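Would you mind keeping the following structure in view while I ask a few things?
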Amino acid sequence: MVQIIAGDKGKGKTKHLLEKVNAAVLAASGNIVYLDKSQKHMYELNNKVRLVNVTDYPIANCDEFMGFICGIVSQDNDLEELYLDSFLTISNIQDDEISHAIEKLDIISEKYHVKIVLSVSKNAEDLPECAKAKVIVSL
């Protein structure tokens, strides 16, 4: 299942994402991974959450990012939830690739039973149709 927290930059999406991931730790029996563009939120995350700074890796486009996600999923059989902050930034996805990326994430999520939550710096109304139904918080 893919879920989206949408809203313009500076509206508080990261705060919602951090609250959601820290609450998930209490109920999770498997591992949780949080992908971000920096280590900035390291001390706001529960210590059971694995923080990955995506900018440490040479990811240049959507396909490389999907390969990166598949690598994370393939190396952790106990992975239960995956949180992606600043999704459009860390994935280097262009506006015309959003639908393709979300479809790929849906496939990964369903096949490997991993819940994926994205923080997207766009208004919910500006998202493609396939993404609008996945919005859980619109700021």
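The values are calculated or read from the model by the stated rules, or taken from the named source; none is laboratory data. In this text the structure is predicted, and so the values were computed from the model without any measurement. Cβ placement follows ideal geometry from the backbone for every residue including glycine, while neighbour counts extend to all protein chains displayed. Surface accessibility is based on the protein's heavy atoms, side chains included, excluding ligands, DNA and RNA. Shrake-Rupley method; radii C 1.70, N 1.55, O 1.52, S 1.80 Å.
Determine the pairs where a residue that is more than 16 Å from Phe68 (Cβ to Cβ), located within region 102-118, has a partner that is small (Gly, Ala, Ser) and open to solvent by 90 Å² or more (accessible area, probe 1.4 Å) with Cβ atoms under 6 Å apart, the partner being 6 or more residues away or on another chain.
Qualifying pairs under 6 Å: none.
Looking at region 38-63 only, could you name the residues that are part of a loop (DSSP other than H, G, I, E, B) and either in contact with a Gly (Cβ under 9 Å, 6 or more places away or on another chain) or farther than 17 Å from Leu82 by Cβ (or both)?
Residues satisfying the conditions are Ser38, Gln39, Lys40, Asn47, Pro58, Ile59, Ala60, Asn61.
OK, next. Could you list, in sequence order, the residues of region 70-114 that are under 15 Å from Asp36 (Cα atoms), in a helix (DSSP H, G or I) and among the β-branched types (Val, Ile, Thr)?
Ile72, Thr89, Ile90
Next question. Among the residues of region 4-37 satisfying the criterion of being open to solvent by less than 20 Å² (accessible area, probe 1.4 Å), part of a helix (DSSP H, G or I) and not β-branched (Val, Ile, Thr), which is modelled with the lowest pLDDT?
Ranking the candidates gives Lys13 first.
Filtering region 30-52 down to residues that are touching a Phe, Trp or Tyr at 6+ places or on another chain (Cβ under 8 Å) and touching a residue at least 24 places away in the same chain (Cβ under 8 Å), which residue is farthest from Tyr112 (Cα to Cα)?
Among residues in region 30-52 that are touching a Phe, Trp or Tyr at 6+ places or on another chain (Cβ under 8 Å) and touching a residue at least 24 places away in the same chain (Cβ under 8 Å), the one farthest from Tyr112 (Cα to Cα) is His41.
Among what's in region 84-139 and is touching a strand residue (DSSP E or B) at 6+ places or on another chain (Cβ under 8 Å) and basic (Lys, Arg), pick the residue that is surrounded by the most Cβ atoms within 10 Å (Cβ to Cβ).
Among them, the one singled out is Lys134.
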